[in-house]
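Right, one structure below, let's go through it.
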Amino acid sequence: MMKLYYSLASPYVRKVRMTALELGITDRIELVLTDAWSVTEGLPDDNPLCKVPTLRLEDETSLFDSPVICEYLNSLVDGSLFPPVGNARWQALRFQALGDGLCDAAVILRLELMKPEETRTSTTIERQKRAIFRTLNNFEQDVANLSGSVTIGTLAVAAALGYLDLRFADLDWRAGRPHLASWLAGVSDRPSFQTTRPPAS
Ligand SMILES: N[C@@H](CCC(=O)N[C@@H](CS)C(=O)NCC(=O)O)C(=O)O
């Protein structure tokens, strides 16, 4: 049995769990709930970066980060989440990079906003906000390319938007982006999105 170190709120973990659900291989993965910030054994032994998601394989080697884990899982069953060649592949990987990058910006922004007000850096806050808004606008304009068959790009963007809903509801990303909003509403019907919904916090 493989082991996935996971947390409930991480959008990168959510993408990996959605991948496993879409591929129908969740029965091959044991989920190990882990707080990356406080854990002292297990996760840091398997991933020197001590981040979730980390996948420990049956041969006791391990894989990270989330794009690597997802591509590995896809390869186990010769799945179609990573188109093998051509434009479809680059589109899927590009959307994955933008989805993951949106999460990176949102995580940095959140950590900055958790600091006492007087120690926050306004240039960091503004830079991350601009990255978030530009990326959302790019998705809105490019929704036709997001709307094809489900790929790792679909799952990454859905997980990222889900993370904004969890942590930045007040950002109201749907405002002025009706195509992206209805795109996510469509993806939200998928069991992989439903099953991995983080508990409200
Ligand atoms: N690029 C990584 C990002 C993973 C990541 O940043 N995970 C966060 C949770 S959302 C984490 O474990 N943070 C703990 C830390 O940074 O020490 C991936 O795609 O897997």
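Among all residue pairs at least 6 apart or on different chains, which show Cβ distances below 6 Å where the first residue, located in the range 54-74, is farther than 19 Å from residue 1 by Cβ and at pLDDT 95 or above and the second is hydroxyl-bearing (Ser, Thr, Tyr) and crowded, with 23+ Cβ neighbours inside 10 Å? Partner pairs satisfying both residue conditions: 66/12. Taking the range 55-72 as the range and being of a type outside the set (A, V, I, L, M, F, W, C), more than 12 Å from residue 29 (Cβ to Cβ) and either in the same structural domain as residue 157 (by TED's automatic domain parsing) or within 13 Å of the ligand (Cβ to nearest atom) (or both) as the test, the residues that pass are 62, 65, 66, 67, 71. In the range 70-127, the qualifying residues are those that are in a helix (DSSP H, G or I) and among the aromatic types (Phe, Trp, Tyr), and the one that is farthest from residue 139 (Cα to Cα) is 72. Which one is farthest from the ligand (Cβ to nearest atom), of the residues in the range 34-53 that are of a type in the set (A, V, I, L, M, F, W, C) and assigned to a loop (DSSP other than H, G, I, E, B)? Going through the qualifying residues, I end up with 39.
Checking 81, 102 one by one, the residue that is away from the ligand (no atom under 13 Å from the Cβ) and surrounded by 18 or more Cβ atoms within 10 Å (Cβ to Cβ) is 81 and no other. Close contacts from the range 180-197, counting a first residue that is touching a residue at least 12 places away in the same chain (Cβ under 8 Å) and a second that is basic (Lys, Arg), with Cβ to Cβ under 8 Å and a gap of 6+ residues or different chains, come to 180/174; 192/17; 195/17; 196/14; 196/17.
The values are calculated or read from the model by the stated rules, or taken from the named source; none is laboratory data. Source: prediction; values computed, not measured. As a convention, Cβ positions derive from the backbone with ideal geometry for all residues, glycine included, and neighbour counts pool all protein chains shown.
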